[in-house]
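The values are calculated or read from the model by the stated rules, or taken from the named source; none is laboratory data. This structure is a prediction, so every number in the text was calculated from the model and none was measured. With ideal geometry, Cβ positions are generated from the backbone for all residues, glycine too; neighbour counts draw on all protein chains shown. What goes into the accessible areas is simple: the full protein's heavy atoms, side chains included, and nothing from ligands, DNA or RNA. Shrake-Rupley method; radii C 1.70, N 1.55, O 1.52, S 1.80 Å.
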Amino acid sequence: MKDFLNTLLGKRANKMSRIIRSEQANQLRFLLEQPDEVLIEFCKLAIEYINSGLNEKKCTVAAKKLSSTYETVRCALEALVALLIDSTKMALSEREFYATVQTLETITEKQSEILWQFITSKRNLVDNVMRASCQDELYFRELEWRIEGRIASRTIPSQATPIIKMKFHLDKECVSEYREKLRSDPKPTDEETQVQHTRREVLAETDPAMLQHMIQVLEQALLEARTRRVRNYVKPTQS
């Protein structure tokens, strides 16, 4: 039993040590170099970020006041939001949190107290937001598409622009896309009948020019997803 408890404590300690990563620590260091009043204001901006997204105007104003750049302010704010979310996910105690932020070499006792008060006062809010986002999240299952277009008619002698129609099959449950195809019995089980209530179909249509633009945006998003900054923020949600 003692070895088992030590193993659990060791795993938790390893997770705690990964809460603040090196790049995130560098971004938070910018806030720790500012007066305590600035750190408090950034805590308020972090809550606004969670509720309604990034406020670019306020970040721009903050960058001017602090004689910094918009990118530096945005990264510092995102690092603070990540600290709030990770601490909530791990349900850190006060002792564990103080031990975690001590990895930030320049942090003061007052700054640690500000951050801990920030974490504890908004823990329920973050927890509710995370639960709501998990409930509303839809997973891609399948895509059906076809091209429709009238080549020519008496009223349209020239070639018409074709329309691409798409049907997206989404699901709130992450299910195997091959499960239905592998089943030989056509009669659905009770479990599969219940899964039907979690599914959703979305119909959309577009023209070739807009489809090309959509493809470019998705490809750019995939490239962004491979960057170190995005991976650092996604990794804690998968642990």
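The table that follows gives values for the structure above.
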quantity: Criterion: under 23 Å from the mean Cα position of the chain (by Cα) and at pLDDT below 85 - qualifying residue of Leu104, Leu138; calculated: Leu138
quantity: Pick from segment 106-119, criterion open to solvent by 60 Å² or more (accessible area, probe 1.4 Å) and touching a residue at least 12 places away in the same chain (Cβ under 8 Å), ranking: nearest to Ile47 (Cα to Cα); calculated: Lys110
quantity: Matching entry among Asp171, Asp185, Asp207 (being modelled with pLDDT of 55 or more and either open to solvent by 100 Å² or more (accessible area, probe 1.4 Å) or over 13 Å from Phe140 (Cβ atoms) (or both)); calculated: Asp207
quantity: Every residue from segment 60-89 that is open to solvent by 40 Å² or more (accessible area, probe 1.4 Å) and part of a helix (DSSP H, G or I); calculated: Thr60, Val61, Lys64, Lys65, Tyr70, Glu71, Thr72, Ile85, Lys89
quantity: Test for Asp36: is it closer than 17 Å to Asp127 by Cβ and among the acidic types (Asp, Glu); calculated: no
quantity: Per-region count, segment 16-64, residues within 22 Å of Ile107 (Cβ to Cβ), charged (D, E, K, R) and without any contact (Cβ under 8 Å) to a residue 12 or more places away in the chain; calculated: 2
quantity: Residue in segment 193-204 that is more than 30 Å from Arg29 (Cβ to Cβ), among the polar types (S, T, N, Q), surrounded by 11 or more Cβ atoms within 10 Å (Cβ to Cβ) and modelled with pLDDT of 85 or more present; calculated: no
